[in-house]
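What follows draws every value from the coordinates through simple rules; no lab data is involved. Bear in mind the structure is a predicted one, so any value in this text is a computation, not a measurement. So basically every Cβ, Gly included, is an ideal-geometry build from the backbone, and we count neighbours across all protein chains shown.
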Amino acid sequence: MSKILIISENDNIAFELLTAGKMLADGDATLVAAVVLGGGAENRANAYLSRGAAKVITAGAGKEMMETFDAETYATAVAQIAGKERATMILTGCTRRGKELAGRLAQKLGAACINDVKAIECEGGEAVYSRNALGGATVCRQAVSSPVAVVSIMPSTFAQASEVPPVGETMVVDLELKPARVRLVECQSKNTDSVDIAEAKTLVCVGMGLGGPEKLSVVEELARVLGGEVACTKPVATDQKWLSEARMVGLSGKQCKPQLSLCMGLSGQVQFAVGIRDSKTIVAINTDENATIFQYADYGIVGDLNVITEKLIAQLK
Amino acid sequence: MNSIVCVKQTPDLQQVRIRKETREPILENVPLTIGNIDKNALEEAVRLKEKQEGKVTLVSVGGEDLEETIKEGLAMGADDAVLVVDPQLDGAESAVVAEMLAKAIRKIGDYDMILLGEGSSDNYSGQIGPRLAELLDLPQVTFVRSLSVEGNLLRATRNMDDCLEVVEVELPAVVTVLSEINEARIPAVTQILKAGRKPKEVLSLSDLGVSAASLGKQVRTLSNKAPLQERKQIMFKEDADAAVAKLVLALKADGAVGGY
């Protein structure tokens, strides 16, 4: 049976990976080991044990080199641990750090790498991974033929492993590492828009049809009335900066599965739609009756989003 | 300052249709283009060249149409191109593409920086940059939203999930950029005409000492279909007040509003 390592810089995602690992090990949690590197590893290791990890591996010699996340250094460290553990699968979270690690680690291990995994099924004794392809127009299902695989899983794909009385143990592994070649000069935390749109039950998504940031207050009012959150397309966040990137939906933003998505003033390019198409109900509002977004919608109204928004607020109240 | 920019030939995604009966994509006769974020990487390299002396070389791996597709990149300001062409490389998996890129880049030899998009516009898997860095034993700086080069030192701002990271590294290095780094230029007609005359070196697998039979196959794609979309597609065509009223009624009936 394969031996699985899980690693993420984000502990909550790591707890999801514990669930995924256990499933891939056919329910045998003893085959899943968590790798915990970097600051506060000791306390974090205990948290992993209390989530049912059978083994937590932390760094002994070389651990001072793990204080900042350098992808090359982390890949070297995980590759050494994978070698010692004879791991055949390494699971990581599909975050930016997860992805920069996954490719390099796979190359070090001569392994296949599948990123952006949003579902895993076991078919005929092998794991089948689903990920978006063709810019999100399709979902491809892939399996791995190489002896070792590195797989990065999208956040919230699996539930976090629940808390249990810890029975596992921590193992310290000495690592041979060289100093990082990339120097961290400074780290600025982002203007903390701490919203997690992936958790929202209702999303009010706006695109460039909004017209300007001064129109946001009405959209925010609608989101409040609906008990949801405002989300947006990529141009609204990265080009116009009317909303923070935390609210960006789509291939390079968040992929969400709310009960209801209202898509307003956006054309519905597949790179956006991939972020909301798993919603239970989708409503589209656009001035262009030929906009693609209507094809994704249960209900559509041709009209200006600002006009419709005010009417919606009035009727919902 | 010599830059290598790795680009991927992809179908023009705006023109990919889905066959209704099978939900499979129709890729025949879809025009091929260079990936969107790859163009941002190229734009950044061309801007660096315009500020400092040097040249920009495109490197790409793909099937027969690559010579034609690459002209767009040459028109955007690259000086020349090195292409690895073989029918088997059309749609090849990331590990194979990275290996072929590394072999072609070793042949070029003289470079300060290798730039790529953070991911291709079709698969967006983001493996090639880190794999290439490992193959060439170079440092990697991924997800870059702005950069500057002074002498041998690259300073870059990386846009990570929860923070902006400013990093420094001695060149050479592998750099992957985000689309937000710049707006890629659209080449003028005169540039497009000149692009056909810029030098292109076309390498075969055997030029790289690779046999087609030895190409790795680590990932099998079992199916590739559009997800099932079962939407009601009801349009409310009344005037705005009546349409909104009907919408609210429908959402309440579905339990999509109220109730939580």
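Details
- Taking the charge dipole of chain A about its Cα centre, with +1 at Lys and Arg Cβ atoms and -1 at Asp and Glu Cβ atoms, the residue from A:Asn290, A:Ala111, A:Tyr129 reaching farthest to the positive side is A:Ala111.
- The calculated P(r) of the protein assembly as shown, using every Cα pair and 20 Å bins from 0, goes 20, 52, 26, 1 in percent.
- Computed over the range A:245-295, the P(r) curve from all C-alpha pair distances, binned at 5 Å from the origin, holds 5, 23, 31, 27, 11, 2 percent per bin.
- Largest mean-square fluctuation among A:Glu220, A:Glu123, A:Glu199, in a Gaussian network model of chain A whose springs join Cα atoms under 10 Å apart, belongs to A:Glu123.
- Pairs from the table (A:Lys22/A:Lys234; B:Lys8/B:Lys232; A:Lys280/B:Lys246; A:Lys3/B:Lys217) lying more than 26 angstrom apart at Cα are A:Lys22/A:Lys234; B:Lys8/B:Lys232.
- Across the range A:197-316, Cα-Cα pairs more than 25 Å apart make up 8 percent of the total.
- At most 14 other Cβ within 10 Å, DSSP loop - trypsin sites (Lys or Arg not before Pro), the range B:170-260: B:Arg197, B:Lys217, B:Lys232, B:Lys237
- P(r) of the range A:4-173 over all Cα-Cα pairs, binned every 5 Å from zero, in whole percent: 2, 9, 19, 23, 22, 15, 6, 3, 1, 0
- For the range B:170-260, applying the loop criterion from DSSP together with a ceiling of 15 other beta carbons within 10 Å to the GluC sites (Glu not before Pro) yields B:Glu183, B:Glu230, B:Glu238.
- Once the Cα-Cα distance is subtracted from the 0.36 nm per residue extended length, the B:Glu168 to B:Arg220 segment shows a gain of 14.9 nm.
- Label-point separation in nm, A:Glu169 to B:Leu153, each point 7 Å along Cα→Cβ: 4.9 nm
- Calculated mean residue ellipticity, 222 nm, the protein assembly as shown: -7500 deg cm²/dmol, from DSSP H runs (n ≥ 4) at -39500 (n - 2.57) each, averaged per residue and rounded to 500.
- Under a model in which nothing but the beta-carbon of Lys, Arg (+1) and Asp, Glu (-1) is charged, the range A:161-317 shows a dipole of about 160 debye around its Cα centre.
- Diffusion coefficient, µm² s⁻¹, Stokes-Einstein with Kirkwood Rh over alpha-carbon pairs of the range B:1-85 at 20 °C and 1.002 mPa s: 155 µm²/s
- Fraction of beta bridges assigned by DSSP in the range B:3-214 that are antiparallel (%, nearest 5): 40 percent
- The trypsin sites (Lys or Arg not before Pro) of the range B:1-92 that DSSP puts in a loop, and whose beta carbon has at most 12 other beta carbons within 10 Å, are B:Arg19, B:Lys20.
- Semi-axis lengths, Å, chain A, gyration tensor of Cα atoms, sqrt of 5 times eigenvalues: 40, 21, 18
- Top of B:Leu101, B:Leu178, B:Leu13 by mean-square fluctuation, Gaussian network on chain B, Cα under 10 Å: B:Leu13
- Efficiency of FRET between B:Glu183 and A:Thr30 - r from beta-carbon atoms, R0 60 angstrom, step 0.05: 0.70
- Per-selection Rg to Rh, the range B:169-260 - Cα, Kirkwood hydrodynamic radius: 1.25
- Neighbours of B:Thr33, meaning other residues whose beta-carbon lies under 13 angstrom from its beta-carbon, give a summed charge of -3 when Lys and Arg score +1 and Asp and Glu score -1.
- Share of Cα-Cα pairs in the range A:78-167 lying beyond 18 Å, as whole percent: 50 percent
- The residue list A:Ala149, A:Val36, A:Ala77 was ranked by how far each Cα lies along the charge dipole of the range A:4-173 toward its positive end, using unit charges on Cβ atoms, and A:Ala149 comes out on top.
- Karplus-based coupling profile of the range A:238-248, in residue order and whole Hz: 7, 8, 8, 6, 6, 9, 6, 4, 4, 9, 7, with θ = phi - 60° in 6.51 cos²θ - 1.76 cosθ + 1.60 and x standing for Gly or Pro.
- Cα centroid separation, the range B:219-235 to the range A:58-85: 40 Å.
- Listed residues B:Thr22, B:Thr176, B:Thr33, most fluctuating in chain B (Gaussian network, C-alpha, under 10 Å): B:Thr22
- One chain, two ends: A:Glu186 and A:Cys122. Fully extended at 0.36 nm per residue, the span grows by 18.7 nm beyond their Cα-Cα distance.
- Nonlocal amide H pairs with B:Asp90, under 5 Å, H built at 1.01 Å: B:Gly63
- Equivalent ellipsoid dimensions for the range A:131-180 as semi-axes, Å, which come from the Cα gyration tensor, largest first: 31, 22, 13
- Computed Kirkwood radius, in angstrom, where 1/r is averaged over Cα pairs of the range B:3-214: 17.5 Å
- Ranking A:Ser279, A:Leu184, B:Ile105 by how far each Cα lies toward the positive end of the dipole of the protein assembly as shown (charges on Cβ) leaves A:Ser279 at the top.
- Three principal axis lengths of the range A:110-249 [C-alpha, angstrom, descending]: 55, 45, 39
- Distance from the alpha carbon centroid of the range A:194-218 to that of the range A:229-258 works out to 8 angstrom.
- Whole-Hz ³J(HN,Hα) from phi, Karplus 6.51 cos²θ - 1.76 cosθ + 1.60, for the range A:272-280, glycine and proline x: 7, 4, 4, x, 10, 5, 8, 5, 5
- Nearest-20 debye value, chain B charge dipole, Cβ charges on Lys, Arg, Asp, Glu: 580 debye
- Reducing the range A:260-275 and the range B:119-186 to their Cα centroids gives an inter-centroid distance of 28 Å.
- Backbone N under 20 Å from the B:Asp207 label point (7 Å along Cα→Cβ), restricted to the range B:1-21: B:3-10
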